[in-house]
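Report on the structure given below.
The values are calculated or read from the model by the stated rules, or taken from the named source; none is laboratory data. What you see is a predicted model; the values in this text were computed from it and never measured. Glycine gets a Cβ as well: all are built from the backbone with ideal geometry, and neighbour counts include every protein chain shown. Ligands, DNA and RNA are stripped out before the accessible areas are found, and what is left, the full protein with its side chains, is counted by its heavy atoms. Shrake-Rupley method; radii C 1.70, N 1.55, O 1.52, S 1.80 Å.
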Amino acid sequence: MTKVLETTSVGSFPKPPYLNKARSAHAKGEISDTELAILERQATAEWIRRQEDIGLDILVHGEMERGDMTTYFAERIEGLDVSGLVRSYGNRYYRKPVIEDAPVRTKPMTVEAFEYAQSLTKRPVKGMLTGPYTMCDWSFDEYYATRREAVLALAWIIRDEVRDLEAAGARYIQIDEPAISTRPAEIDLAIEAMGIVTEGVKAMTISHICYGDFAAIYPRILDLPVDQLDLEFANSNFANLEIFRHPKFTKKVAVGVVDVHSHVIETKEQVKDGIRRALGVFEPEQIMIDPDCGLKTRTVEEAIDKLRVMADAVGEIKQEMGWC
Ligand SMILES: [Zn+2]
């Protein structure tokens, strides 16, 4: 029987307090790379065990080694540098990548973290990357004459990483493109770049897109060359499901059912209601269930509680429908 309503996560989990402390100590030169790496592995192992305990089907490594989703890669790609602190939305500050030269990937950037996490579990762990369009959109470009040149150059870098993850055994590879929905006018460029990234890949490919104008990119987004789109719905109280009713959604979809920006833990009934509404728009075989976005801004306890209520709700729906 085809698996229905498999559960997963979008990518990041909160770092435990001991790791946040170690990261600041490391930034000040007080502890070594090796000391930090040991604690990152410890935190990764904790999150793998928690996901297994909760009963999730497809796991993530949790991104304990990453700060921001673009600077992590910028620091590992030759030709890219990172700026001083730049203000993003609200009062959050981050260091923005700067494209200073043609990008070169000298070695794999995420394979070691993937292999370690996968070695801890028999369940599949997703490979987790930031897509070329988002990498470019969230960077200063001081090298290329056009955005298209910059995006496509980054696409060849991410393509190599995808191939290395696949060779390392990744059966699911997620290439996040949250910037797509904020600039609908450039969707053709994002699609062209993703074509380079996923060409010939046999692993299931996924792209997480969030917090933008889904109506402006639908149905064109169905041409993004990935197998699954991972979208947030809880944040809009599932109202944006209606966008995807017509024309028919032709890919697999991961349906976000808990709001990552709220401390409040959803009730099981709320989550079940959201899943039922999604089942009114998508076929059961199309759907995976996950949180709206990465959970890194929640506390460890809140993240666990949100994942647990999600898993419990899925379990009950499957039982009610006779799917297990
Ligand atoms: Zn997101």
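For the stretch 274-288, backbone nitrogen atoms closer than 11 Å to the point 7 Å from Lys248 Cα along Cα-to-C-beta are found at 283. Of Phe140, Ile175, Ile157, whose Cα points farthest to the positive end of the dipole of the stretch 100-186 (charges on the beta-carbon: +1 Lys, Arg; -1 Asp, Glu; origin at the Cα centre)? Positive-most Cα among the choices belongs to Ile175.
The listed peptides 184-190, 141-147, ordered by packing as a protection proxy, come out as 184-190, 141-147 (highest mean of other Cβ atoms within 10 Å first). How large is the charge dipole for the stretch 196-274, taken about the Cα centre, if only the Cβ atoms of Lys, Arg (+1) and Asp, Glu (-1) carry charge, to the nearest 20 debye? In total the dipole reaches around 300 debye. In this label model, Asn237 and Asp188 are separated by 3.9 nm, measuring between points 7 Å along each Cα→Cβ vector.
What the Cβ-Cβ distance of Leu85 and Thr299 gives, at R0 = 25 Å and to the nearest 0.05, is a FRET efficiency of 0.55.
Give, rounded to the nearest 20 debye, the magnitude of the charge dipole that the stretch 177-324 has about its Cα centre when Lys and Arg contribute +1 at Cβ and Asp and Glu contribute -1 at Cβ.
Numbers: 16 positive and 25 negative charges, 43 e Å.
Dipole about the Cα centre, nearest 20: 200 debye.
Here the simple spin-label model places points 7 Å from the Cα toward Cβ, and for Cys324 and Lys3 these points are separated by 1.3 nm. In the P(r) worked out for the stretch 221-324, what percent of Cα pairs fall beyond 17 Å? The proportion of pairs with Cα distances above 17 Å equals 50 percent.
For the stretch 163-285, the share of accessible area belonging to carbon and sulfur comes to 51 percent (1.4 Å probe, ligands and nucleic acids excluded).
From Cα pairs below 8 angstrom and at least 6 apart in sequence, can you work out the relative contact order of the chain, rounded to a whole percent?
Relative contact order, the chain: 19 percent.
A simple spin-label model places pseudo-atoms 7 Å from Cα toward Cβ; at Val104 and Arg276 they are separated by 5.9 nm.
Calculate log10 I(q)/I(0) of the chain for q = 0.08, 0.09, 0.14 Å⁻¹, where I(q) comes from the Debye formula with a single equal point scatterer on each Cα and nothing for solvent. For the chain at q = 0.08, 0.09, 0.14 Å⁻¹, log10 I(q)/I(0) is -0.35, -0.44, -1.14.
Reported to the nearest whole Å, the Cα centre-to-centre distance from the stretch 54-71 to the stretch 173-231 is 19. For the stretch 15-144, the share of accessible area belonging to carbon and sulfur comes to 48 percent (1.4 Å probe, ligands and nucleic acids excluded). For the stretch 252-324, the per residue solvent-accessible surface stands at 42 Å², with DNA, RNA and ligands left out and a 1.4 Å probe. Computed from point charges on the beta carbon alone (+1 for Lys and Arg, -1 for Asp and Glu), the dipole magnitude for the chain about its Cα centre is near 420 Debye.
Over the stretch 2-83, accessible surface divided per residue gives 42 Å², non-protein components excluded, 1.4 Å probe. On a per residue basis, the stretch 156-238 carries 35 Å² of accessible surface, using protein heavy atoms and a 1.4 Å probe. Projecting the Cα atoms of Gln286, Gly256, Ala313 onto the charge dipole of the chain, computed from C-beta unit charges around the Cα centre, puts Ala313 farthest toward the positive end.
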